[in-house]
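Read through the structure below, which is laid out as C-alpha cells, and then see the notes.
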Amino acid sequence: MRKSIFVFVVLLCLGCSERKVQDSPKFTDEQIAQLGLSSVKPLRIFDGDCIKLDFNGFLSEKEISAQELVDSVEFISLETTNESLIAEINKLVCVENYFFIFDSDIGKNVFIFLSDGRFVKRIPTGQGPEEIYNPGDIAVDKENGHLIVYNRKGLSFYDYQGNFVKRELLPFNFKNFRVLANGYLFVTIPNQNGHLADLSAMQVFITDKNFRIISAGFPFHYSNTLNYGITDYTSSLDKNVSFAFKFSTKIFQYIDTLAVEEKYQLDFSKKEIPSKYMEMSTKEMLDALRSNNYYYYMGDYVENRTHEYFAIYNDYNKKAYQTFVFRDKLSGKLIGGNKITLDTVIPLFSSPLAAYEDKFIGAISSQVVLYYISETIKEEKNNSLFTQINDDSNPIIVKYKLKRVN
C-alpha cells in the first residue's frame, strides 16, 4: 500500500510561537555591570567561502518517494506514564544514550528519556531553586555532561539523569542558546532587552563562560511586532555551531568569539518574499502570505555527518505546507519536495528536529500515526510499536539515515 502525504507546517505557530515578554525583568545595576557592556566588540561577518544553494527547482508541488530518500529507519516509542506525558515535542536534543525533550505547550516541561524510549525524569516545575518555571529553551554541554534549561532569568544546569547541579542568573533575555567551547551563543528576539541600550537592537550575543558579553551583532531586520517564528534558530554538530534568522536567506557558522562566517546563501529568488514585508505586523504578514505565492525561510537547519536539512514555507491559499530540502555533504546535490510517498517499508516520515552521527531524528504524534498507519500495515509489520499505540500515547521518535545523492 502506498500513501502520499503533504509535509504540512507543524513547527510554526503563527503569531504566538515566539517567546513573548511584555516587559523586561528588573535587573540591578550590579547585574548589568557584570556584562561588561562598555567593552563589547562588534561581531565580524566573513563571507568568502559562502556556498549558494539553488532552491528554485523546489518552488512548486513536488513529490518524492520515501524509499528514494531513506536508507534505513528506526521507530522508537517514548514510554507513556502520568509523569511523562508530552503534548508536543518542540525541541529535541540527542546525545549518546539520551533524548532531551522540550515541550513548550501548556505546562512547559522538559523530559529526559533513554535512547530506547524508556522514561527517566521530568524536570520538576515550580519556583524553587532546583525547579524550572516557564522554560524557554534547552541545550547540552557535552564536555561536562549537563542538560541546561533556559529558566526565566537564567540557566538551570542538570546532569543527564535530571539531578540539579546549579543555577546561573543572567541579566538579559534571549530566544535560543548553544554551548560553545569557551562560552555561549545567544539568539534574541525584539522587545526583550531594553535595559541593554544599543545592544537591545542586536540578534546575537557571544559570551564567555561567566556570561560576560564579548561581541554582538546582526541588527533586527524585521518589525518588532512580527511575532511569527519557529522553536529554534540554532544548530550544532560536534563542535560546529550554526544559526539563522526568520525571514532570512542565510545560514551562519560560529568561528570564534569575535567572528562568524556566512555558510550558505539560499536562493529561491523566483518567489522570494519582498523585503517590504519585514515592516508588517503579524496579521498583515499572515494576510499577505496567504494572498501571494511567496516562499520564505524561517531558520530551519539541521546537520548530521552526511547530510543537511533545510525547509522553506508557503502559505498561499492557506495551504500552509513546508518544502523540505536535503543536501548531500559529499556531492553537494540537493533532493526534496513537499509531498512524500510512504509504503509498508517506510510507513512514517518526519522532518528532522535533531541529528546524531549520520542520522536525522524527528517525531510524530500518536494521533498522526493512527491516521496514516493502515490496519494492513500494522498486521504486515506485526510491530507492537504500532499495535499498542492509542490517542493518549506519547509521540513516536523517527530516526533515519538518508541515501547518498550522486
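Read-outs throughout are calculated quantities, based only on the coordinates presented, and are distinct from any laboratory measurement. Not measured: the values here are computed from a predicted model. Neighbour counts run over all protein chains shown; Cβ positions are idealised from the backbone, glycine included.
Odds and ends about this structure:
- Only Lys, Arg (+1) and Asp, Glu (-1) charged, at Cβ; the stretch 253-362 dipole about Cα centre in debye: 480
- Considering helices alone, the calculated mean residue ellipticity of the chain at 222 nm is -2000 deg cm²/dmol, with DSSP H runs of length four and up weighted by -39500 (n - 2.57) and normalised per residue.
- For the chain, the share of DSSP beta bridges that are antiparallel, to the nearest 5, is 85%.
- Relative contact order computed over the stretch 117-182 (Cα-Cα under 8 Å; 6+ residues apart), in percent: 26
- Highest average first, the peptides 281-293, 349-361 ordered by how many other beta carbon atoms sit within 10 Å of their residues are 349-361, 281-293.
- 3J(HN,Hα) along the stretch 334-342: 10, 8, x, x, 10, 9, 10, 8, 9 Hz, from the Karplus curve 6.51 cos²θ - 1.76 cosθ + 1.60 with θ = phi - 60°, whole Hz, x for Gly and Pro.
- Amide H within-cut-off set for Asn292, under 5 Å, with H built and near neighbours excluded: Asn317
- Spherically averaged projected area in nm², based on the convex hull that wraps the Cα atoms of the stretch 219-356: 10.0
- Net dipole in debye of the chain [+1 Lys, Arg Cβ; -1 Asp, Glu Cβ; about Cα centre; nearest 20]: 520
- Between the amide H of Phe46 and those of Val260, Glu261, Glu262, distances stay under 5 Å, these residues lying 5 or more places away or on another chain, with hydrogens modeled in the peptide plane.
- Normalised by 2.2 N^0.38 Å, where N counts its residues, the alpha-carbon radius of gyration of the stretch 316-376 equals 1.34.
- Rel. contact order, % - alpha carbon contacts under 8 angstrom, at least six apart, the stretch 254-406: 16
- Mean Cα-pair separation over length for the stretch 294-371, i.e. relative contact order, pairs under 8 Å, 6 or more apart, %: 24
- Along principal axes, Cα extents of the stretch 72-200, largest first, whole Å: 48, 30, 28
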